[in-house]
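The values are calculated or read from the model by the stated rules, or taken from the named source; none is laboratory data. This one's a predicted model, so the numbers in the text were calculated from it and none came from an experiment. Here the Cβ positions follow ideal geometry from the backbone for every residue, glycine too, while neighbour counts run over all protein chains shown.
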Amino acid sequence: MSPMTKNYDLILVGSGLVGASLACALAVLAPAKPLRIALVEAGGDMPSYSGEQFDPRVVALTPASRQWLERLQVWQPMQQARVCAYRDMHVWDGEGTAAIHFSSADVRQECLGYIVENSVAVRALRERLAQLPQVEVLQPASVVDLRGPQPMQPDVQITLSNGDTLRAPLLIAADGAQSRVRELAAFRTREWDYQQRAIVATVRTSETHAYTAWQRFMYTGPLAFLPLSEAGDAHYCSIVWSADTPLAEELMDLDNATFCARLGAAFEHRLGKIEQCSERFCIPLRQRHAQQYSQPGIVLVGDAAHNIHPLAGQGVNLGLLDAAALAGEIERALVRNIPLADYSILRRYQRQRLASNLGMMSAMEGFKRLFGHRSLEVTLLRNIGLQQFNDLPLLKNYLVKQVMGV
Ligand SMILES: Cc1cc2nc3c(=O)[nH]c(=O)nc-3n(C[C@H](O)[C@H](O)[C@H](O)COP(=O)(O)OP(=O)(O)OC[C@H]3O[C@@H](n4cnc5c(N)ncnc54)[C@H](O)[C@@H]3O)c2cc1C
C-alpha cells in the first residue's frame, strides 16, 4: 500500500504507562468527544506474566497515582491481574546504624503505595483505550522523522516507519527515556551518567516480605526489595540493585547461586535466604531533564521529559502527574475554545510541572550523593541526622504524605 497522509487534532507518541493514561484521560473528557486522536506505539502487545513468573519491570505507585488510575477505570482490572499494596517501608544505612521506618498506620492510610508490574498497568490501560473510539491506535509504528510547524503548514508533521505521514496542531511525546521526538525536535537536555547500573530481577526469599518495601543504602548504591504478591504468597520481591558500573558488571557475570548468596549478604539476610532468582537485567542509570517541556506544537511528558534515579521509585508517579496536568490544561483549552497548541496552554503546563519535577530530582540527587560519600565524618553525621529524622514523627509523617500525594 502506498504511504498515506492523515490529519488529526492531536497526536500522542508512546503508549507506555504515561502516554496510554494520558490518551485515556483525554478520550473521557466530555469536551474532547469530537477530537480525533492518534496514539503511535512502536512496540507490540505487552507480554503477560502469571503464577511464579513476574514482569522484571515494576513500578511503585503512590495512592495519588492510584486515584488517577481509578478515575480512568483501570485500577480494578489492574487489581484483578496483580497489585501488591505495601504498608511499611524500612530504609537503613548499610554503613552505619541509622534506620528509618515509615508506616501507613502512622499517617492513617491503608497503605503507603503499590508495587505493580509495568505490563499489568499498560495492558489495563490499552484494554481501556480499545473501548474509547476517539483514539486511533497505530501500532506497531514508530516515529522516524518530524517537522515542526511552518508558516505555510502550521501543523506538526511526523513520518512513521511504514512511510505514512501524520499531521496535527499538537504532538505529545510520551516515548520514554530515549525519546526520538525529543531528539528530532532538538529539545535541549541537562544530563549526566551516574556511572551506575541497576540490576533488576525477581527473587523468592525464605521469609515473607511482610508487605514492606525495603531499601539498604550502600556507598556503591541502594538495594531495594519491593514486595510482590501471587495468590497471597508473600515470598516474592522485585529487586532493584543500583551499583557502580564495575560492581554491577561483576554481579551480572556471577552464576545464579553465587549471585543469590551475594544478594543475601548485601541485604543483610533481612528476608532470610534468597531461594531463587529470575533472569537478571542490567540498566544504565542516567539523570536527564529537558530544559523546556514545550516548543511550538510539541510537548514532552513522563520519561521523555525527565529521568531520575530509581532510588525513590518516583519516576512514573512524576510522569502521571505530568499527564494529569496536561489533560487539565487541554480540557481548559477545549472549554474556552482556545487552540490546543496555544502558547499559553503549553506554558501553563510547563509552569506546573517543570519546577516540581526539578525539586524531586534535586532531592534524589542529594540523597544519592549523601549516601555515596565515604568519609567517616559524613557517615557519622548522616547516621545522626537520619536517626534524628526517624525520631521526629511529625516531620516524618508530613514528608510521607507529601510523597504519597494524600
Ligand atoms: C531500574 C528502574 C527501576 C524503576 N523503578 C521505578 C519504581 O519503582 N517506581 C516508579 O515510579 N518508577 C520507576 N522507574 C521509572 C519508570 O519505569 C519510568 O519512569 C516509567 O516507566 C516511564 O513511563 P513512560 O510512559 O514515560 O515511558 P515508557 O514506559 O518508556 O514508555 C514509552 C513508550 O513509547 C514507545 N516508543 C518509544 N520510542 C518510540 C517511537 N519512536 N515511536 C513510537 N513509540 C515509541 C515505547 O515502545 C514505550 O511503549 C524505574 C526505572 C528504572 C530504570
Got at least one residue in the stretch 236-245 being of a type in the set (D, E, K, R) and either more than 17 Å from Asp88 (Cβ to Cβ) or surrounded by fewer than 19 Cβ atoms within 10 Å (Cβ to Cβ) (or both)? yes
So if I check each of Arg167, Arg123, which one is touching a residue at least 24 places away in the same chain (Cβ under 8 Å), over 30 Å from Leu370 (Cα atoms) and part of a helix (DSSP H, G or I)? Arg123
Output the residue which, of all residues in the stretch 300-331 that are farther than 16 Å from Ala355 by Cα and of a type outside the set (Gly, Ala, Ser), is modelled with the lowest pLDDT. Leu311
Hey, among the residues in the stretch 200-218 that are of a type in the set (A, V, I, L, M, F, W, C) and outside any loop (DSSP other than H, G, I, E, B), which one's nearest to the ligand (Cβ to nearest atom)? Val200
Any residue at all in the stretch 62-75 that is among the basic types (Lys, Arg), modelled with pLDDT of 95 or more and within 21 Å of the chain's Cα centre (by Cα)? yes
Odd one out for Leu326, checked against (1) surrounded by 20 or more Cβ atoms within 10 Å (Cβ to Cβ); (2) in contact with a Pro (Cβ under 8 Å, 6 or more places away or on another chain): (2)
Residues being within 14 Å of the ligand (Cβ to nearest atom) and farther than 20 Å from Asp45 by Cα: count how many of those fall in the stretch 131-148. 3
Of the residues in the stretch 128-148, those that are outside any loop (DSSP other than H, G, I, E, B) and surrounded by fewer than 13 Cβ atoms within 10 Å (Cβ to Cβ) come to Asp145
Of all residues being closer than 17 Å to Ala38 by Cα and more than 15 Å from the ligand (Cβ to nearest atom) in the stretch 149-199, which is surrounded by the most Cβ atoms within 10 Å (Cβ to Cβ)? Just the residue, please. Leu170
Is one or more of the residues making up the stretch 272-294 without any contact (Cβ under 8 Å) to a residue 60 or more places away in the chain and in a loop (DSSP other than H, G, I, E, B)? no
Of the residues that sit in the stretch 298-354 and are in a loop (DSSP other than H, G, I, E, B), more than 14 Å from the ligand (Cβ to nearest atom) and touching a residue at least 12 places away in the same chain (Cβ under 8 Å), which one is farthest from Gln215 (Cα to Cα)? Pro339
Residues (more than 16 Å from the ligand (Cβ to nearest atom), touching a residue at least 40 places away in the same chain (Cβ under 8 Å) and of a type in the set (Gly, Ala, Ser)) located in the stretch 3-47: Ala27, Ala32
Just the residues that are more than 17 Å from Phe225 (Cβ to Cβ) and either outside any helix (DSSP H, G or I) or within 27 Å of the chain's Cα centre (by Cα) (or both), please, taken from the stretch 251-269. Met252, Leu254, Asp255
Filter the stretch 271-297 for residues that are among the aromatic types (Phe, Trp, Tyr) and either within 11 Å of the ligand (Cβ to nearest atom) or surrounded by fewer than 22 Cβ atoms within 10 Å (Cβ to Cβ) (or both) and give the result. Phe281
